[in-house]
Every structure is written in C-alpha cells, then in structure tokens.
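The values are calculated or read from the model by the stated rules, or taken from the named source; none is laboratory data. Quick caveat, the model's predicted, so the values are computed rather than measured. When we count neighbours, we look across all protein chains shown, and the Cβ atoms used for this are built from the backbone with ideal geometry, even at glycine. Keep in mind that these areas ignore ligands, DNA and RNA; they rest on the heavy atoms of the full protein, side chains included. Shrake-Rupley method; radii C 1.70, N 1.55, O 1.52, S 1.80 Å.
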Amino acid sequence: MVRRVAILGGGTGGTVLANDLADRLAAEIDAGDVEVTLINDDPDHVYKPVWLYVPFGQREPADGRRPLRELVDSRVDLVVDRVTAIDTDGKELSLRDGPGPLAYDRLVVATGSTLAPAEVPGLAEGGHDYYSESGALALREELLSMTEGHLVLSVVGTPHMCPAAPLEFAFMADDWFRERGLREDVEITYTYPINRVHGNPHVSEWAEPIMAERGVGVETFFNAESVDPEAGTIASMEGTELDYDLLVGIPPHRGVDVVEEAGLGDRGWVDVDKRTLEADRADGVYAIGDAATTGVPKAGSVAHYQAGVVARRIASEVRDRPATATYDGKTLCFIETGMDSASFVEFDYENPPSPAPASEKLHWSKLAYNESYWLTARGLL
C-alpha cells in the first residue's frame, strides 16, 4: 500500500505537486492513512524567471522569493534539510541534519538544475550569467557601466533552464541599449552550439529574422571550449575566437549529485518514461521538471503540467487503482522580444511550436503571469 510520499525539491514542480496531492488526498491525510513530505534544502521557494529582469533593473531578487511554508498546504510535512543519499532498494532517504532515514513508498525527484561553469575553463572568471541570483546582480552592474564595446551572449551548455531565455536576453539587451541611445556603440553577438539559434527548429526559424533585423550578430556551430578573462576572448572547439568586452554565458547545466549517485541517471538527470514519468532504473520513483529526461524543455510550465500527472497517478496508487494519467509533452512559454513586447508558444509531443506575433499585450501577459505565479505555486491556478 502507498502510504508515504516523499517529494525531493521545493521548486515549481515539487511545490505544485505537494499542494495537488494535499488537495486530492485530503481525506486520507486527515485520517492519518497517508503522509506527504516535501524536502527542500532552502526555506525559500525561488521563482527563477525573475532573474532575467534583474540585470535590466526591472526586478529585484527578492521579488522571486517566498517562504516555502507560506506556499505549501498545512497537510504537507515540510522538511528543510539536504538529502545526502537515496536508497532506491530500501526506499529511504538519508538527511544531512535529520535524526534518521526518511522512508517512502513513492518518491518524486524534483531537484531541478544546477549550474556547472567550471566545466569550461575560464567561464566562471570571465563570464556573467543571469541564471543565478548572484549572477544577475553582478550582470546588472556590468550592464549599467557599459556604454560601448562588444557584448557576447554565448549559449555554452545545452540543455539548460528556460531554452528561450538566451533569445530573450539578446532581444531585451538590444532594446535596452537603444532606449539609452547606446545601441550604435554596442555590438551584440549571439552564439549557439548547433547550426541554428535555438534547439527547436521552429523557434529558430522565427527568431533568426528578428536578430537580423535588430543587427544582432550570430555565430552558430560555436561550442565554447575556453574563456581567457585577461585577453577578453572566448574560443570554440571549431576554432572560432571572439573578442568581448562583456561576456554573458549560459553555463553548462547538470542535475544534483545525489541523483547520479543513486544510479537514477547520468549527470544528475533521472531517466524516465516520457509519458508516465516513472524512473527507468528504480521502482516507486517518479521525476518531474528539469530533473526528468523527457526531451521537452527545462521550463516551469513543464514541471507544472508534469506535477499534475504525477499527482493523479499517485492518488490512483494510494487508492489501489490503476494509474492511467500520462503526460503529453505540453509546454507553454512567453518569449520577450524587447522591453515592451513578447511572443508566446504552446506545443506538445505531437504538435510543434508556432510562435505568435510579438505584441505589447503578450509582454504584459507575461508580466501578469509573473505576478500571479505565487497562486500557481499554491495550487490555486
């Protein structure tokens, strides 16, 4: 019988899932028949999309933080601790500060992505990013002091969180410098490791004409191999070298070590069935969001939809019914195309994306969602 459900990670997927289960299994939890435990190593929940706006002075990091306890249903046991080991045979989690192992019948891995800039020599020292709170704050200072020169945005690692964010930054930087009357003095170059500007060919086909129109230089087949901070250069495996005055790098991403050490997958990602989200290498384990290797983007909307699927499957298992809910690959994303315009895409495993024409209305729709996100995390939207 499924009585103990453990969720590892309090990001979008983990938080939405915990609240969904608390709602679906309210009677069983209140009767003491089921326990739902959410484990996170930070007392705060972080909404990372806010960081894109920090370098341009439109948001502060605090806008993307809320105490996790305020977002999670009171029926959920919240444990603020770090999981140091996952025993998938014994179905136990070892905690850094906990008094003993935490047993589970179902485990959901929602550990997200971590940045690994050290994998590229010189990137941590010579580059800036907006994929972390500290990186976004440092980049803000660099952008404010930049009045001329060469800004290079290099997508160094794929896959990475929010695949559209590099495009968004390039479009926003172009617009931001224009608004300040500096665009003619600032050259912008965008690099990508394959032969187009985005991993999805449909999004790439949409974005490339916009870049050409805005005068954003493009270097494809640029797999960054090293950065020389003193010389101000970034070199690719293909032999291309670019000079820069400001380097914005999208670092390599990986999952968390404890997942790889548990044998659930390589580089901290969990190998799963892309429709059921069940782990390939362990029984009683699911994975959602960035942690799951489903082939869809590492985006918050993916974690949200996958959380709903896993909640329905676990609720069925608790009630000794067949778990029939499946994930269809649904993804949606707003894409900023400047400081006051945005596009929108929605797609799934069967239907490719077709970006909507950029508009101010869609830009404000994205900002409105950013504000209402906290209702989503609480399970109210």
Cβ-Cβ distance below 7 Å, separation of 6 or more or different chains: which pairs start in segment 231-252 with a residue that is farther than 24 Å from Glu168 by Cβ and end on one that is open to solvent by 10 Å² or more (accessible area, probe 1.4 Å) and of a type in the set (Val, Ile, Thr)?
Glu241/Thr233; Asp243/Thr233
Among residues of segment 112-125, those that are out of contact with any Lys or Arg (no Cβ under 8 Å at 6 or more places or on another chain) and open to solvent by less than 30 Å² (accessible area, probe 1.4 Å), counted
4
If I ask for residues that are in contact (Cβ under 8 Å) with a residue 40 or more places away in the chain and surrounded by fewer than 24 Cβ atoms within 10 Å (Cβ to Cβ), which ones from segment 307-318 would you list?
Gly308, Arg312, Ala315, Glu317, Val318
Residue ID - surrounded by the fewest Cβ atoms within 10 Å (Cβ to Cβ), chosen from residues in segment 320-339 that are in a loop (DSSP other than H, G, I, E, B) and touching a residue at least 60 places away in the same chain (Cβ under 8 Å)
Asp320
Flagged pairs (Cβ under 7 angstrom, 6 or more apart or on separate chains; first in segment 152-169, acidic (Asp, Glu); second modelled with pLDDT under 95 and open to solvent by less than 20 Å² (accessible area, probe 1.4 Å)) are none
Can you find a residue in segment 6-17 that is at negative phi, at pLDDT 95 or above and surrounded by fewer than 20 Cβ atoms within 10 Å (Cβ to Cβ)?
no
Restricting to segment 319-341, count the residues that are farther than 30 Å from Arg275 by Cα and not hydroxyl-bearing (Ser, Thr, Tyr).
3
Could you check segment 201-306 for strands (runs of 3 or more DSSP E) lying wholly inside it with 3 or more residues that are open to solvent by 10 Å² or more (accessible area, probe 1.4 Å)?
217-219, 224-228, 241-243
Name the strands (runs of 3 or more DSSP E) wholly within segment 26-95 that hold at least 3 residues that are open to solvent by less than 10 Å² (accessible area, probe 1.4 Å)?
35-40
Taking interchain pairs and intrachain pairs at least six residues apart, which have beta carbon atoms under 9 angstrom, with the first residue in segment 211-224 and over 11 Å from Tyr190 (Cα atoms) and the second open to solvent by 50 Å² or more (accessible area, probe 1.4 Å) and outside any strand (DSSP E or B)?
Arg214/Arg178; Phe221/Ile194; Phe221/Asn195; Phe221/Glu238; Asn223/Ile194; Asn223/Met237; Asn223/Glu238; Ala224/Met237
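Tell me the residue from Tyr369, Tyr373 that is buried (at least 19 other Cβ atoms within 10 Å of the Cβ), in a helix (DSSP H, G or I) and under 19 Å from the mean Cα position of the chain (by Cα), please.
Working: Tyr369 fails: buried (at least 19 other Cβ atoms within 10 Å of the Cβ).
None of the others qualify; the one that does is Tyr373.
Of a type in the set (Gly, Ala, Ser), assigned by TED's automatic domain parsing to the domain that holds Ile234 and open to solvent by less than 50 Å² (accessible area, probe 1.4 Å) - does that describe any residue in segment 183-199? Talk me through it step by step, then tell me what you get.
First, the residues of segment 183-199 that are of a type in the set (Gly, Ala, Ser): 199.
Applying the additional criterion that residues be assigned by TED's automatic domain parsing to the domain that holds Ile234 yields 199.
Now drop any that are not open to solvent by less than 50 Å² (accessible area, probe 1.4 Å), which leaves 199.
Yes.
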